[in-house]
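Novice: Input: one structure, supplied below.
Just so you know, all these numbers are worked out from the coordinates, no wet-lab data involved. All of these numbers come straight from a predicted model, not from anything done at the bench. Every residue, glycine among them, receives a Cβ derived from its backbone with ideal geometry; neighbour counts consider all protein chains shown.
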Amino acid sequence: MDRAAQTRVKRGRLVAIDGVDLQAVRAAAREAVRSIGAPHCGVSHWDASGVFHELDLVDGAASPRTLLLLYAADLAFRARWEIAPALAEGRTIVAAPYVATATAFGRAVGLDRSWLANLLQFAPRQTEAHVVDAGREALTRPVGFLRVASARWAAPAGIDRAALTQEMARHLRRPARR
C-alpha cells in the first residue's frame, strides 16, 4: 500500500460536541467515549492550555475579540498536542467544546461571520458534530467559556447573562457553515 493510502486508512475521527452548558457538553463527551470504547478514543477538553485559568487572575473586562483570541489560542494548543496526534494514530478524539461554541459566542455578540471563520480556520475539520442543549443551570450558574465570557465581558458591559446564553444557544441551533 502506498504512503497516501496508509495515511487515509490510519486517519482517525474528530467528534465535536458543542453547547453553552459545559457540564452537559462534558457529559456528552463521556457518553461518546463510552460508546466508542476507551482504548480507541480520548477527549480534548476546553482550557487544556490553562489560558482561561490564568485569566481568572486578571482583573477587568476583556472584549469579545480578546476572549475569542484566547479561545483560539487554547484550541490551537489542543489541536497541536491532543487532537492532531490522536487523528494521526487513527484514533477517535472528542473535542468538548469545539469551534461551534466559539462561533456562537462571536455571533451572539455581533462579530462578523467571516472574521470568526478566519480566526478558527486552522482547526482540523470535524468528522461528526453534535450540539448539546443548554440546561437551566447554564442560565444561572454558567461554567467554562460562558462563565469566563460572562465575568470578563458581559457583566462589566452590563449584558444580561441569560440573554447572552440564549443568543448563543440560538446560533448553535443553526446549521454550521464551515
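Novice: Please list, in chain and number order, the residues 5+ apart from Trp46 or on another chain whose amide H is under 5 Å from its amide H, with Hs placed from the backbone.
Specialist: Close amide H contacts, sequence-distant or interchain: Ala96.
Novice: Ser35 to Arg80: extension gain in nm, 0.36 nm per residue of separation minus the Cα-Cα distance?
Specialist: 13.7 nm
Novice: With 10 Å bins from zero, work out the P(r) of the stretch 11-173 over every alpha carbon pair and list the percent per bin.
Specialist: Going from the shortest bin to the longest, the percentages are 11, 42, 36, 11, 1.
Novice: Which one of Trp115, Ala86, Pro97 is farthest out on the positive end of the charge dipole of the stretch 11-173, using unit charges on Cβ (Lys, Arg +1; Asp, Glu -1) and the Cα centre as origin?
Specialist: The listed residue farthest towards the positive side: Ala86.
Novice: Can you work out the FRET efficiency for the pair Arg170 and Ser63, with r the C-beta to C-beta distance and R0 = 22 Å, to the nearest 0.05?
Specialist: Given R0 = 22 Å and the Cβ-Cβ separation, E is 0.55.
Novice: Return the sequence-ordered ³J(HN,Hα) values of the stretch 91-96 in whole Hz as given by the Karplus equation 6.51 cos²θ - 1.76 cosθ + 1.60 applied to θ = phi - 60°, using x for Gly and Pro.
Specialist: Result, ordered by residue: 8, 9, 10, 9, 9, 9 Hz.
Novice: How much length is gained on full extension from Ala48 to Ala163, taking 0.36 nm per residue of separation minus their Cα-Cα distance?
Specialist: Between Ala48 and Ala163, full extension yields an extra 38.6 nm.
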